[in-house]
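J.: A single structure is presented below for examination.
The values are calculated or read from the model by the stated rules, or taken from the named source; none is laboratory data. Everything numeric in this text was worked out from a predicted model, so none of it was measured. Ideal geometry is used to build each Cβ from the backbone, glycine not excepted, and the neighbour counts take in all protein chains shown. These area figures cover heavy atoms from the full protein model, side chains too; ligands, DNA and RNA do not enter into them. Shrake-Rupley method; radii C 1.70, N 1.55, O 1.52, S 1.80 Å.
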Amino acid sequence: MSSPLLRRGGRGAAALLGALWGVGRAARRSIIDLSYSTHFMDFQGSSIPSSMRKLVVNKLSPNFREAVSVHTAAVPTPGDADLLVRNRFVGINASDINYSAGRYDPSVKPPFNAGFEGIGEVVGLGLSASSRYTIGDTVAYFGSGAFAEYTVVPAKESVPVPAVKPEFLTLLVSGATAYIALKRLGDLAKGETVLVTAAAGGTGQFAVQFAKQAGCHVIGTCSSDEKAGFLKSIGCDRPINYTTEDLAKTLRKEYPKGIDVVYESVGGSVLEVAVNSLANKGRLIVIGFISGYQTTSGIPSFKGATLPVKLLQKSASIRGFFLPHFLSDYREALGSMMQMFAKRKLVCEVDSGELAQEGRFVGLESIFRAVDYMYAGKNLGKVVVEVAPPAVSNSKL
Ligand SMILES: NC(=O)c1ccc[n+]([C@@H]2O[C@H](COP(=O)([O-])OP(=O)(O)OC[C@H]3O[C@@H](n4cnc5c(N)ncnc54)[C@H](OP(=O)(O)O)[C@@H]3O)[C@@H](O)[C@H]2O)c1
């Protein structure tokens, strides 16, 4: 198994991280069960069942419900360097529907497994993997096939975490994207003005906090007063609920000198407004274009003919960011965010669907609801699904 994200930018990102997340790990117990030496797993009398459920992409479509269904399959056996992780929580990403539409790697044909990131407990492992991990360790990972009850994860691509808390899931992709993008491409200076779009979402919440930490004045767009209140609570100076205030007019009126840095996730007309609002020497970072993901092409329309003129007239720039291209920064980013979280200097807001129509996202089936919920713009923070309650272990492994 390898991460769809890692596939493009090189492998083994999480290998860099192993040591980082070791803070507060439970004491190790050594493995003396030599059954692992042949990767043999005895399911008899163990808490690991022989079969499990997982989400599989059967046909390529950005409509997640059309593309994906729940399958029953044998619980996979970890190879020599792998862990078998019993997933407790999995993270929903806007790009889950880009993945189900086959936009990540057109050479991969269905059926293939869905889901980018999970956190859970190690319930089986190969012999080489046992040099770093043991049964009962808690790990987080990002890699394809996370939407399953059990996932095999290469030990070098998993990250030890102190506990199976959904908050840790928010950092793997969403937090790391904001941290690295702003650090590498933002060139933030104290006193500058930063606009974050989809600011109350999975990655936006972190962009707001990191820009604020850099001493900037932060504006954040969102679609409800509740989200605006949340944005205030994490330091956003000017939340703009675009359902009640006109974004372009508000920016023109309140920021006549323009915006220095934009962390832009929506695309289409929002991107147009953001470009038009740039200050002289402004930097716009393209993080995503979610407004187009549900369409056939995946790309929202954008009136770009005058873009060169606009950029030249303001000496402004547009910069693209894709996390796998910045894996050399990943170790430092995760370590730093973990420390901030431990010191309560970083809010990692999780949305488990408590306010969703049919209640909390629990069980694999609720992933469909969770994706719909995100695409209805309802989420406040990172959308997380609880795959299974904590195990009552009677494992002999
Ligand atoms: N470049 C990278 O490496 C990278 C990595 C991770 C994520 N991303 C990008 O970051 C963005 C956010 O992803 P996420 O997973 O963190 O999601 P999210 O922000 O947790 O959820 C998506 C949010 O986007 C907002 N939104 C605005 N227009 C929308 C539309 N037309 N349809 C649906 N939602 C819309 C909604 O908030 P409001 O209703 O409040 O506007 C919604 O809550 C996406 O563009 C994603 O592709 C990029």
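J.: Report Rg/Rh for segment 173-324, rounded to two decimals, where Rg is the Cα radius of gyration and Rh the Kirkwood radius.
T.: 0.93
J.: I've got another one for you. Taking K and R as +1 and D and E as -1, what net charge do the other residues with C-beta under 10 Å from the C-beta of Asp372 add up to?
T.: Overall, the nearby charge balance is +3.
J.: How would His325, His217 rank on accessible area, largest to smallest, probe 1.4 Å?
T.: If we order His325, His217 from most to least accessible, we get His325, His217.
J.: Please report how far the C-alpha centroid of segment 184-244 lies from that of segment 101-121, rounded to the nearest whole angstrom.
T.: After rounding, the separation between the Cα centres reads 30 Å.
J.: Given just the C-alpha atoms of the chain, how large is their convex hull per residue in cubic angstrom?
T.: 133 Å³
J.: Just how far, in whole angstrom, is segment 143-172 from segment 322-397 if you go by their alpha carbon centroids?
T.: 10 Å
J.: Could you tell me what percent of the accessible area of segment 173-324 is made up of carbon and sulfur, with a 1.4 Å probe and every protein chain present?
T.: The C+S portion of the solvent-accessible surface of segment 173-324 is 56 percent.
J.: Would you calculate, for the chain, the mean residue ellipticity at 222 nm contributed by helices, counting each DSSP H stretch of 4 or more residues as -39,500 (n - 2.57) and dividing by all residues, to the nearest 500?
T.: Using -39500 (n - 2.57) per qualifying helix, the result is -6000 deg cm²/dmol.
J.: Whole-Hz Karplus ³J(HN,Hα) for segment 243-258, in order, using 6.51 cos²θ - 1.76 cosθ + 1.60 and θ = phi - 60°, x for Gly and Pro?
T.: Using θ = phi - 60°, the values come out as 7, 10, 10, 7, 4, 4, 5, 4, 5, 4, 6, 8, 10, x, 7, x Hz.
J.: Can you give me the % of accessible surface on segment 71-150 that is carbon or sulfur? Probe 1.4 Å, all protein chains present, nothing else counted.
T.: Carbon and sulfur together cover 53 percent of it.
J.: Taking all protein chains together and a probe of 1.4 Å, list Ile219, Ile287 from the most accessible to the least accessible.
T.: Ile287, Ile219
J.: Moving to a separate point now. Taking all protein chains together and a probe of 1.4 Å, list Leu311, Leu125 from the most accessible to the least accessible.
T.: Heavy-atom accessible area, descending, gives Leu311, Leu125.
J.: Would you mind working out the accessible area per residue for the chain, using a 1.4 Å probe, and quoting it in Å²?
T.: Value for the chain: 42 Å² per residue.
J.: Another question, then. Averaging sequence separations of C-alpha pairs under 8 Å and six or more residues apart, then dividing by the length of the chain, give the relative contact order as a whole percent.
T.: Over the chain, the number comes to 19 percent.
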